[in-house]
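The values are calculated or read from the model by the stated rules, or taken from the named source; none is laboratory data. Predicted model only: the values in this text are computed from it and were never measured. Note that we place each Cβ from the backbone using ideal geometry, even for glycine, and neighbour counts take in every protein chain shown. These accessible areas exclude ligands, DNA and RNA; they are computed on the full protein's heavy atoms, side chains included. Shrake-Rupley method; radii C 1.70, N 1.55, O 1.52, S 1.80 Å.
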Amino acid sequence: MKIHYQGRWAVVTGASSGLGQGFAARLAERGMSLVLTGRNKGRLDETARQIRRVAPRVKVEMVAADLSTRSGVSALLEHVSDRPIEVLINNAGFGSYGPFAESDSDREADEVAVDISAVIALARAFLPGMLDRGSGGILNVASTIAFQPAPYQAVYGASKAFVLSFSQALWAEARAAGVAVTALCPGPTRTGFVDALGADVGHTAIYRRLADPEPVIEAGLRALDKGRAVVIPGLRNRVVAESGRFMPREWLTRVSARLLRPLDPTFRAPIEVRNRDGNSRLGRTRLGSVD
Ligand SMILES: NC(=O)c1ccc[n+]([C@@H]2O[C@H](COP(=O)([O-])OP(=O)(O)OC[C@H]3O[C@@H](n4cnc5c(N)ncnc54)[C@H](OP(=O)(O)O)[C@@H]3O)[C@@H](O)[C@H]2O)c1
């Protein structure tokens, strides 16, 4: 794979916080000019300030855009339409937590728009140029949640499963042209992500321990350099993600439900219940009764 860093342009989405800030800084150190995007203009400015401190010669441009909207995606694409993009870091994303039946459907729709639709739109916009030039790379940030269904994070888990599968497919299509496509699958990591979930998840086995972001960023960029399709940073994350392959799907999903279940001790995962007339419906048990 060939990726030219020095003096070339990179687009980093979600550059106003967490992993995105780190990706921007690491690419600046490699001499890349940057287009940073996120909704929060103040935090984008802060990212740009940090970058200029470590790499004063690097060009940094900002596009404040909401990637859950078509107009936000278009604003970003228009901003960069005059230049070749060598590296795309498709990193912006957020999750939600709680029983799907009680979820906010607008928020779930926005999640799909940012975590899936924007990822597709940006890859579609920049990949052809990379293929023509025979160099470049796309790093799509998926998650370890992509490797099994995620009860109580059903839409987020399915979105990241999409990103993983999509990235692997593009990896196979692009590699002969020398273009790298990598899915980075971090486990729970100390960024703004958990706060942005909008729900307390500190009690879950999954989110109890958070990893440092720096090794995750390094692992992603290293894997992109090597042209790897998928990278899962951290031995524990790799073992958990890979072990699921050997389990029956229903077991795997029940284990996942247990690891993510809500704090409410009376809450049980949805079960099928039958009325006296034999019709089945989904219900859930609270203190032994069905409601
Ligand atoms: N941290 C983890 O535990 C973890 C684990 C696995 C995967 N991931 C993935 O890692 C990626 C980066 O997240 P992070 O951990 O760095 O979390 P973060 O600190 O919350 O950063 C998320 C970034 O996404 C941007 N974003 C969110 N909604 C957006 C929207 N509608 N339009 C444009 N930008 C938007 C945010 O910018 P604004 O708020 O300024 O819009 C922010 O810069 C995400 O794709 C996440 O799913 C995180």
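Limiting things to C-alpha atoms, what are the Rg and the maximum Cα-Cα separation (Dmax) for region 195-250, in angstroms?
Every Cα atom of region 195-250 included, Rg and Dmax give 14.3, 37 Å.
Assign one of three labels to region 1-75, namely rounded, prolate or oblate, based on the Cα gyration tensor with a ≥ b ≥ c the square roots of its eigenvalues; rounded applies when a/c is under 1.5, prolate when it is not and a/b is larger than b/c, and oblate otherwise.
oblate
Over all directions, how big on average is the projection of the convex hull of the alpha-carbon atoms in region 47-166, in square nanometres?
For the Cα atoms of region 47-166, the hull's average projected area reads 8.9 nm².
In region 95-145, which GluC sites (Glu not before Pro) fall in coil by DSSP and have 14 or fewer other Cβ atoms within 10 Å?
none
Restricting things to alpha carbons, tell me how big region 9-260 is in terms of Rg and Dmax, in Å.
17.4, 54
Scan around Leu34 for amide H atoms under 5 Å from its own, H built in the peptide plane at 1.01 Å from N, and keep only partners 5 or more places away or cross-chain.
Residues meeting the amide H criterion: Ala10, Lys59, Val60, Glu61.
Of Val12, Val63, Val119, which is the most mobile in a GNM of the chain whose springs link Cα atoms less than 10 angstrom apart?
Val63
At a probe size of 1.4 Å, how large is the accessible area of His4, to the nearest 10 Å²?
80 Å²
Taking every DSSP beta bridge that has both residues in the chain, what percent is antiparallel when rounded to the nearest 5?
20 percent
Using a simple spin-label model with points 7 Å from Cα along the Cα→Cβ vector, what separation in nm is obtained for Arg107 and His4?
For the pair Arg107/His4, the computed spacing is 4.5 nm.
With springs connecting C-alpha atoms under 10 Å apart, model the chain as a Gaussian network and identify which of Val114, Val201, Val239 has the largest mean-square fluctuation.
Ranking Val114, Val201, Val239 by mean-square fluctuation puts Val239 first.
Under a 1.4 angstrom probe, counting protein chains only, how are Arg222, Arg124 ranked by accessible area, largest first?
Result of the area sort, largest leading: Arg124, Arg222.
So for the chain, averaging the separation of alpha carbon pairs under 8 Å that are six or more residues apart and normalising by length, what relative contact order in percent results?
17 percent
What is the local net charge at Leu131, summed over the other residues whose Cβ is closer than 13 Å to its Cβ (Lys, Arg +1; Asp, Glu -1)?
Value of the local net charge: +1.
Around Thr13, with a cut-off of 12 angstrom between Cβ atoms, what is the net charge of the other residues, counting Lys and Arg +1 and Asp and Glu -1?
Its environment carries a net charge of -1.
Contact order normalised by length for region 53-159, with contacts defined as Cα pairs under 8 Å and 6 or more residues apart; what percent is it?
34 percent
To the nearest 10 square angstrom, what accessible area does Leu235 show with a 1.4 Å probe?
Here the accessible area works out near 120 Å².
By how many nm would the segment from Arg236 to Arg53 grow when fully extended, if each residue of separation counts as 0.36 nm and the alpha-carbon distance is taken off?
So the extension gain works out to 62.4 nm.
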